[in-house]
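The values are calculated or read from the model by the stated rules, or taken from the named source; none is laboratory data. Quick caveat: nothing in here was measured; it's all calculated off a predicted structure. All Cβ positions, even for glycine, are placed from backbone atoms using ideal geometry, and neighbour counts span all protein chains on display. With ligands, DNA and RNA removed, areas are computed over all heavy atoms of the protein, side chains included. Shrake-Rupley method; radii C 1.70, N 1.55, O 1.52, S 1.80 Å.
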Amino acid sequence: MVSVLLSLSLSCLGLWAAGLILILGFLKLIRLLLRRQMLARAMDSFPGSPTHWLFGHAQEIQQTGSLDKVVSWAHQFPYAHPLWLGQFLGFLNIYEPDYAKAVYSRGGKGLLVLQGPKWYQHHKLLTPGFHYDVLKPYVAVFADSMHTMLDKWEEKAREDKNFDIFSDVGHMALISLMKCTFGKGDSGLGHRDSSYYSAVSDLTLLMQQCIESLQYHNDFIYWLTPHGRCFLRACQMAHDHTDQVIRERKATLKDEKEQEKIQSRRHLDFLDILLGARDENGIKLSDADLRAEVDTFMFEGHVTTTSGICWFLYCMALYPKHQHRCCEEVCEILGDWDSLQWDDLGKMSYLTMCIKESFRLYPPVPQVYRQLSKPVNFVDGRSLPAGSLISLHIYALHRNSAVWPDPEVFDPLRFSPENVATRHPFAFMPFSAGPRNCIGQQFAMNEMKVVTALCLLRFEFALDPLRPPIKMPQLILCSKNGVHLWLKSLRPGSG
């Protein structure tokens, strides 16, 4: 009798649980449908490409060549068009300077960054850390980090084989950034640092998969999948590394002698600056805020710089005339020395124009997202309500033929002072723009100049015609098959 009653109780409990799950699922579906209706109504006045009944535009976006597909849509639909990833996640995809200005000249909710008062507080605290007086000593750090990679490339050049430069550049960029962020020495990456490097690389790929895969748009489902669990492990590994470095540095700062050593160093690293930052009330950043800022700086600084350097060197190989002119300029400034001084960077005018032109054609971050915190009115009279999602397609903006004549042509003179003066300020956005532009853009540009100048001083770069890179938009612009180049050493007696 007891077992029968127990069985009935369990059956009833199971029915109640099943009923509750069905009700919650139904409420979730209603919520999704209402949100979809809001997004669809908001974008009613914007014509666009037909959508798949289930996947929206996701299948087209995931295909090889999706970047150029969006460029073709930009020709078909001036200013903007709706972009649906599935039936429930819809963005207004914009690629026109006035539209970009309407959204990015004001506040908004970034999908991967801080927002509101907290963002403004952190931005204000961190801005002094990127003053040019602080950035000056980093030039030597960038140059020192290059030597190991360049020596490795000398060996590869002697083998007379082409190779994929992406991995080597990524490793060099991380070592350089870890020196600038954590004050790491010249011995390269230890085991713990290598694990951090792997975690950052994994997170780059996993975050893009999460955005593009419809089944991953629900957090509960995502955390149950192998990719979701891998994401959590990678996050934990990155956080543990940063937490340990912060703890060690705080312990060091309690020792007066160690504190004097840090203050007497040639430069303060990014963590020193963060630990010393205080607002007008004398309040420091919390440990959680410190970790968030360090992880953001490491993640964004490392992967974007890697992408920028690799695509620049690809452009140099693709356009030998511009490569030779950049090389001549660098040689004239540096002579036989393979080290740079701060003042040298300002003299590299043609190299700087070529870097910016490579950023235009191959922006390190091809697409960014924003959720509107307030309604926005566009120049053509159309508008979007608060809560709408915006996708700024930087790749398509930089190839907008209404802004850039012959957009597929590599022409560094687009960035001559006279041409820049007459161009819309939101036509070129490799570091975003407006009040939320990249705080570290001068840091990134300085590193780009140092790395590319030293590369061109040591090597001549040529394409592998059998393995052209296949553009692949992740959170950064990658190549599906790597960036394979031939290198010829320019050192006397080499090869």
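With respect to the conditions (1) part of a helix (DSSP H, G or I); (2) within 27 Å of Pro137 (Cα to Cα), Leu340 lacks only one, and its number is (1).
Answer yes if at least one residue in the range 375-384 is at positive phi, at pLDDT below 95, loosely packed, with under 15 Cβ neighbours inside 10 Å and not in a helix (DSSP H, G or I), and no otherwise.
Checking the range 375-384: at least one residue is at positive phi, at pLDDT below 95, loosely packed, with under 15 Cβ neighbours inside 10 Å and not in a helix (DSSP H, G or I).
The number of residues in the range 385-410 being over 24 Å from the mean Cα position of the chain (by Cα) and either among the charged types (D, E, K, R) or part of a helix (DSSP H, G or I) (or both) comes to 1. Looking across the range 403-436 at every residue that is under 18 Å from Val365 (Cα atoms) and small (Gly, Ala, Ser), the one that is modelled with the lowest pLDDT is identified as Gly434. Would you check if there is a residue in the range 481-493 being in a helix (DSSP H, G or I), modelled with pLDDT of 90 or more and of a type outside the set (S, T, N, Q)? No, the conditions are met nowhere in the range 481-493. Does Leu463 satisfy being modelled with pLDDT of 95 or more and closer than 25 Å to Ala140 by Cα? Taking the combined requirement at face value, the residue does not satisfy it.
Among all residues of the range 224-239, there is none that is modelled with pLDDT under 80 and of a type in the set (Phe, Trp, Tyr). Within the range 48-83, the set of residues being in contact with an Asp or Glu (Cβ under 6 Å, 6 or more places away or on another chain) and open to solvent by less than 70 Å² (accessible area, probe 1.4 Å) is empty.
Take Glu357 and decide whether it is in a loop (DSSP other than H, G, I, E, B), modelled with pLDDT of 95 or more and either among the hydroxyl-bearing types (Ser, Thr, Tyr) or closer than 22 Å to Tyr95 by Cβ (or both). The answer is no for Glu357.
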